[in-house]
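The block underneath contains the structure these notes are about, expressed in structure tokens.
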Amino acid sequence: MHVLINFAAFQVGWFSSVIGAAKQMPWLGPLAFLVVLALHLRRAHRPQSELALVITCGIIGVFFDSLLVALGWVTYPSGLFNDLMAPYWIVTMWMLFGTTLNLSMGWLKGRPLLAAFFGAIGGPTSYLAGQKLGGIEFLELYPAMIALAIGWGLVMPVLMKLAERLDGVTESLQFAEVGK
């Protein structure tokens with residue numbers, strides 16, 4: 001049940017972020033993220049570990065997406081602090097993704113090749129969906145897609161390894177299973 005709630009919460013946060021950005025309400029995604037994060041940390045056995053994972057995802061995300069912006073491959077309709085950096089809502093979306101790594105994405109732990117494959121396909125697909133909803137604009141579609149596939153293919157196994165080290169939820173889930 002925790003995995004399904006985590007997945008649903010991520011979807012709500014993702015759509016809030018993208019649609020909020022598209023509708024010139026870039027604060028909507030970060031607001032949804034804060035709600036999801038509060039619920040996530042409340043359920044975590046070791047909230048400090050989970051928070052460290054979420055913050056690390058945000059740091060990776062700000063560099064990754066800022067590179068795409070700085071190279072002129074993507075732009076965002078709202079939430080920019082400056083023209084060379086990723087908008088704040090996409091950074092909180094990376095952090096939102098961090099809340100899934102030990103739960104709904106946990107099946108990728110210990111499977112670096114599968115994580116790389118999933119990242120190389122899922123990352124670009126997510127950005128394309130964001131473009132269809134108006135949250136991102138591709139200025140150079142093919143270079144951006146290639147960069148997203150390579151970048152997410154490399155980042156996803158790293159994120160899963162970080163999730164293994166900073167796993168703050170597994171024990172609470174094990175305790176929940178024992179109680180059944």
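Scanning region 119-142 for residues that are touching a helix residue (DSSP H, G or I) at 6+ places or on another chain (Cβ under 6 Å) and part of a helix (DSSP H, G or I), which turns out farthest from PRO30 (Cα to Cα)?
ALA120
If you scan region 33-65, which residues turn out to be buried (at least 17 other Cβ atoms within 10 Å of the Cβ) and among the basic types (Lys, Arg)?
ARG43 - this is the single residue of region 33-65 that is buried (at least 17 other Cβ atoms within 10 Å of the Cβ) and among the basic types (Lys, Arg).
Any residue that is more than 19 Å from PHE10 (Cβ to Cβ), touching a helix residue (DSSP H, G or I) at 6+ places or on another chain (Cβ under 9 Å), surrounded by fewer than 22 Cβ atoms within 10 Å (Cβ to Cβ) and of a type in the set (Phe, Trp, Tyr) - is there at least one of those in region 83-106?
No - not one qualifying residue is present in region 83-106.
Limited to region 57-77, what total is found for residues that are in contact with a Pro (Cβ under 6 Å, 6 or more places away or on another chain) and either of a type in the set (A, V, I, L, M, F, W, C) or within 17 Å of LYS161 (Cβ to Cβ) (or both)?
1
Would you mind telling me which numbered condition in (1) among the small types (Gly, Ala, Ser); (2) surrounded by 19 or more Cβ atoms within 10 Å (Cβ to Cβ); (3) part of a helix (DSSP H, G or I) ALA8 fails?
Failed condition: (2).
Per-residue answers, yes or no, for (1) buried (at least 17 other Cβ atoms within 10 Å of the Cβ); (2) within 15 Å of the chain's Cα centre (by Cα); (3) closer than 28 Å to ALA52 by Cβ; (4) modelled with pLDDT of 95 or more:
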| position | (1), (2), (3), (4) |
| --- | --- |
| PRO124 | yes, yes, yes, yes |
| TYR127 | yes, yes, yes, yes |
| ILE146 | no, no, no, yes |
| LEU154 | no, yes, yes, yes |
| PRO157 | yes, yes, yes, yes |
| MET160 | yes, yes, yes, yes |
| ASP167 | yes, no, yes, no |
| SER172 | no, no, yes, no |
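Name the one entry in LEU68, LEU114 that is crowded, with 21+ Cβ neighbours inside 10 Å, over 14 Å from the mean Cα position of the chain (by Cα) and hydrophobic (A, V, I, L, M, F, W, C).
Going through LEU68, LEU114 in turn, the sole match is LEU68.
What is the residue count in region 15-27 for residues that are surrounded by 22 or more Cβ atoms within 10 Å (Cβ to Cβ), in contact (Cβ under 8 Å) with a residue 24 or more places away in the chain and not in a loop (DSSP other than H, G, I, E, B)?
3
Could you check PHE138 against (1) in contact (Cβ under 8 Å) with a residue 40 or more places away in the chain; (2) crowded, with 19+ Cβ neighbours inside 10 Å; (3) out of contact with any Gly (no Cβ under 8 Å at 6 or more places or on another chain) and say which number it fails?
Exception for PHE138: condition (2).
Mind checking which residues of region 82-97 are in a loop (DSSP other than H, G, I, E, B) and closer than 16 Å to LEU31 by Cβ?
PRO87
What number of residues within region 38-67 are small (Gly, Ala, Ser), outside any loop (DSSP other than H, G, I, E, B) and within 17 Å of SER104 (Cβ to Cβ)?
0
Of (1) closer than 19 Å to GLY123 by Cα; (2) in contact with a Phe, Trp or Tyr (Cβ under 7 Å, 6 or more places away or on another chain); (3) not in a helix (DSSP H, G or I), GLY79 satisfies all except one. Which?
Only one criterion is unmet by GLY79, namely (1).
What's the number of the only condition in (1) modelled with pLDDT of 95 or more; (2) part of a helix (DSSP H, G or I) that THR100 fails to meet?
(2)
The values are calculated or read from the model by the stated rules, or taken from the named source; none is laboratory data. Just so we're clear, the structure is a prediction, and the values are computed from it rather than from any experiment. Positions of Cβ are generated from backbone atoms using ideal geometry, with glycine treated the same way; all protein chains shown enter the neighbour counts.
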